[in-house]
Structures are given as C-alpha cells and as structure tokens.
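*Asks:* I have a structure here, written as structure tokens, and I will follow up with some questions on it.
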Amino acid sequence: MSRTIESIMRHMATPASRLTDQSTRVEKLEKEITVKKRQTIRAHQQRNYKMKTRQLGNSRLEISALGFGCMGLNSGYATSITRDDGVALIRAAVERGVTFFDTAEVYGPFTNEEMVGEALRPVRDRVVIATKFGFKIDQDFKKQAGLDSRPEHIREVCDASLKRLGVEVIDLFYQHRVDPNVPIEDVAGTVKELIAAGKVRHFGLSEPGAQTVRRAHAVQPVTALQNEYSLWTRGPETNGILDTCEELGIGFVPYSPLGKGFLTGAMNKDTKLAAGDFRSILPRFTPEALEKNQALVDLLKRIAGEKEATPAQIALAWLLAQKPWIVPIPGTTKLHRLEENLGAAGIELTADDLAEIARAADAITVEGERYPAHLLAITGR
C-alpha cells in the first residue's frame with residue numbers, strides 16, 4: 001500500500017476519542033428523547049381530561065373522582081415541604097379540579113390541618129375537607145400515645161380541628177382507627193350528635209372490620225370507609241369491606257393507592273430510605289421485598305406503554321375502574337406528580353385491559369406485610 005493511500009486512510013479513520021464523544025452524545029440524545037417522550041405522554045394525559053365527579057355511596061356527597069391525600073406534605077416521610085409550598089400545591093390541585101382533601105389531627109401532629117385550612121379557606125365553598133379523630137396525642141412530645149375514641153375526646157378533637165382548619169363545619173369526620181375500649185355504637189352516636197349540632201356533615205371509618213361497619217351504620221349512616229387499597233394491597237376485596245360498602249351504599253376512599261410510592265416505578269431494591277421515613281419500618285420496603293415485588297411495577301409499566309401513560313396513572317385508573325363509588329386519594333409534594341396523577345382520570349381501561357391486569361396480578365405473590373405486627377393489629381377490628 002502506497003504512503004499516499006495510507007495517509008488518506010489515516011485521515012479518514014475516526015480517532016477513539018471522537019468515537020467516545022459521539023457515543024456520549026448519542027446516549028445523551030437518547031436520554032433527552034426519553035425525557036421528552038415522558039413529558040409528551042404526561043402532557044397528553046393532562047390535556048385530554050376534565051376532572052369528573054363521583055358520589056360517595058348513597059350519601060349525595062359529590063366530590064372529584066380523585067382526591068388529594070395531604071399527609072405526606074409534612075408528615076410521615078423523611079422530607080417535607082414548607083407550609084407556603086404546601087398551601088400553593090393544595091391550591092394548584094383546586095385549580096385543576098380536585099375538590100376532596102384529606103387530613104387528620106395526628107398528621108404533624110396538628111400542623112397538617114393548619115396547612116390544609118390555610119390553603120382551602122379562600123375556596124371553602126368549592127371543596128370537601130375530611131379529617132380524623134381517634135388517637136391519643138402526647139401534648140408534650142407531640143406523638144401518638146395510643147387510641148382514644150371516648151365521646152368526650154371526640155368532641156374535643158372536633159372543636160380543635162374546626163379551629164385549626166378555620167372552618168365552621170367538618171365535611172367528613174373519620175374515626176382513624178377503631179378503639180376496642182369504646183363501643184362503636186358510642187362513637188357513632190357521638191358523631192351523630194356533632195352532625196345534629198352542625199359541626200360535622202358526614203361520618204366515616206378508617207380500617208374497620210366489616211361487622212364494625214354494620215354496627216356503626218345502624219346508629220349513624222356511614223358515608224365513607226378509608227382503607228388501604230391498591231394493586232399490591234387487595235384485602236378489601238376479600239375481607240368483606242367492599243361487599244359491605246356495596247350493600248349499605250357506603251363510599252370507599254383508598255389511601256396509599258400508589259403503594260406509598262412503590263407502584264410509580266420510582267423505587268427498587270437499591271432505594272435507600274432516609275431516617276424518619278415511616279416506610280423504613282414496613283416489611284414491604286425491605287430490599288428483598290422491593291426486589292420480589294418489582295413484578296407488579298413491571299406489569300404496570302407494560303400496560304402503561306400500551307396506553308401511552310405512566311405506571312402511576314395505570315395504578316390509579318385500575319382503582320377507578322373497580323367501582324363507581326371509589327375515590328382514591330394519592331398524595332405528592334411535587335406539582336408535576338400531581339398533574340401526572342390527575343391524568344389518570346382520563347384513562348379508560350377496557351374490560352380486556354382489566355382482565356389482563358387481573359390475570360397478571362393474580363399470578364404475583366406480594367412479598368411482605370403492609371404493616372409491622374403492632375400496626376396491623378389495630379386494623380380490621
């Protein structure tokens with residue numbers, strides 16, 4: 001080979017450094033395309049829905065099909081947002097059609113109700129506010145100190161919640177957990193009195209057993225039950241809760257509809273939970289359980305790809321498709337996640353979609369209990 005040809009070939013050859021630079025640029029471009037695709041998907045879902053409303057059972061209490069669970073704004077997780085940011089996010093939810101907001105005295109404690117009240121007072125006539133009683137709170141250490149649903153305590157909590165929220169009436173007042181030391185008939189009777197006094201509009205229960213619901217409903221009609229329910233927590237389907245709701249005309253409000261963040265696809269076995277994050281004590285959030293339960297996320301991702309949606313949107317759309325009186329209350333601290341969640345209202349899952357999800361989900365064994373034993377023990381009573 002002549003020197004001239006060799007020179008030309010050397011000139012034409014791409015140096016290794018240039019190949020590396022090109023490879024890096026390609027990878028960067030692919031990532032940008034992926035990000036843009038996700039943004040397009042979310043924008044598509046957000047642009048093509050108008051928030052629908054649902055009625056909680058036979059109560060005539062009409063609310064947005066998706067509510068907002070406010071606990072995580074400043075309670076339960078390792079990080080929280082400022083009060084001003086929380087107020088702004090709640091108001092952003094109102095602007096986007098959300099009319100149902102969930103809080104509790106024990107969140108914070110107390111500060112979550114104050115944040116929610118500040119955010120919603122200017123739009124009080126457009127929203128429904130739910131809060132809860134039933135825990136004893138140590139006033140010195142500001143921590144839970146057991147259960148307390150004595151009638152006098154329920155009345156005290158009601159007055160304190162009204163003051164913190166800055167409203168004249170609580171729209172929906174839940175018993176947060178059933179107190180075995182107080183007959184549920186006494187609890188229901190006390191709330192009935194508060195309704196008669198104009199301080200409360202509707203009565204609810206959180207994590208009760210089906211028989212307890214029936215006993216309470218006989219004294220004061222129950223408007224809503226709030227239990228954990230999602231693709232990886234399906235107890236209400238088999239423990240009589242959904243059947244009881246349907247029979248008695250009670251609405252159902254699933255909390256943690258996104259599996260405390262897991263079903264969004266943002267977590268895996270390598271996720272490190274910071275100190276103070278309540279999920280660190282939950283059996284389902286050990287690295288081993290997260291790895292084994294990844295199959296559920298993979299299922300959601302596959303369906304999401306077919307629907308041009310996100311895993312979180314499919315998880316919420318699945319819940320909305322179960323019953324017309326189900327209203328999930330996902331929470332978030334980020335505006336783009338709020339908009340993503342609300343996009344689920346515009347996703348229609350067909351009967352074939354639901355059957356496919358059911359077959360795939362039924363074949364997956366969820367690893368780990370949803371709560372440690374001492375917290376599981378105060379549910380289903």
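*Asks:* How about region 340-368: which of its residues are charged (D, E, K, R) and loosely packed, with under 14 Cβ neighbours inside 10 Å?
*Replies:* Passing the criteria: E348, D352, R359, D362.
*Asks:* Separate question: Which of the residues that make up region 171-202 are touching a residue at least 60 places away in the same chain (Cβ under 8 Å) and in a loop (DSSP other than H, G, I, E, B)?
*Replies:* Matches in region 171-202: H176, R177, V178, P180.
*Asks:* So if I check each of F141, F101, F110, which one is buried (at least 22 other Cβ atoms within 10 Å of the Cβ) and aromatic (F, W, Y)?
*Replies:* Result of the check over F141, F101, F110: F101.
*Asks:* Please return the ranges of helices (runs of 4 or more DSSP H) entirely within region 307-370 where 3 or more residues are hydrophobic (A, V, I, L, M, F, W, C) and farther than 20 Å from Q55 by Cβ. I'd like the intermediate steps shown before the answer.
*Replies:* Values: elements: 311-322, 335-342, 351-362.
Fully inside region 307-370 and qualifying: 311-322, 351-362.
*Asks:* Further, regarding this structure: Being in a helix (DSSP H, G or I), farther than 23 Å from K143 by Cα and either free of Cβ contacts under 8 Å to residues at least 60 places away in the same chain or charged (D, E, K, R) (or both) is the filter here; which residues of region 265-297 pass it?
*Replies:* Scanning region 265-297 gives R284, P287, E288, L290, E291, K292, Q294, V297.
*Asks:* Which residue out of F101, F141, F110 is in contact (Cβ under 8 Å) with a residue 40 or more places away in the chain and aromatic (F, W, Y)? Working first, answer last.
*Replies:* On the way: F101 fails: in contact (Cβ under 8 Å) with a residue 40 or more places away in the chain; F141 fails: in contact (Cβ under 8 Å) with a residue 40 or more places away in the chain.
On inspection, the qualifying residue turns out to be F110.
*Asks:* Among the residues in region 203-219, are any touching a residue at least 40 places away in the same chain (Cβ under 8 Å), within 19 Å of G57 (Cα to Cα) and assigned to a strand (DSSP E or B)?
*Replies:* Yes, that holds for at least one residue.
*Asks:* So which residues in region 129-153 are of a type in the set (S, T, N, Q) and within 30 Å of E62 (Cα to Cα)?
*Replies:* T131, S149
*Asks:* Restricting region 154-168 to residues that are buried (at least 17 other Cβ atoms within 10 Å of the Cβ) and touching a helix residue (DSSP H, G or I) at 6+ places or on another chain (Cβ under 9 Å), which is nearest to P183 (Cα to Cα)?
*Replies:* The residue in question is I154.
Since every read-out is calculated from the coordinates, none of them should be taken as a lab result. Since the structure is predicted, the reported quantities are computational estimates derived from the model, not experimental observations. Here Cβ is always computed from backbone atoms with ideal geometry, including for glycine, and neighbour counts include all displayed protein chains.
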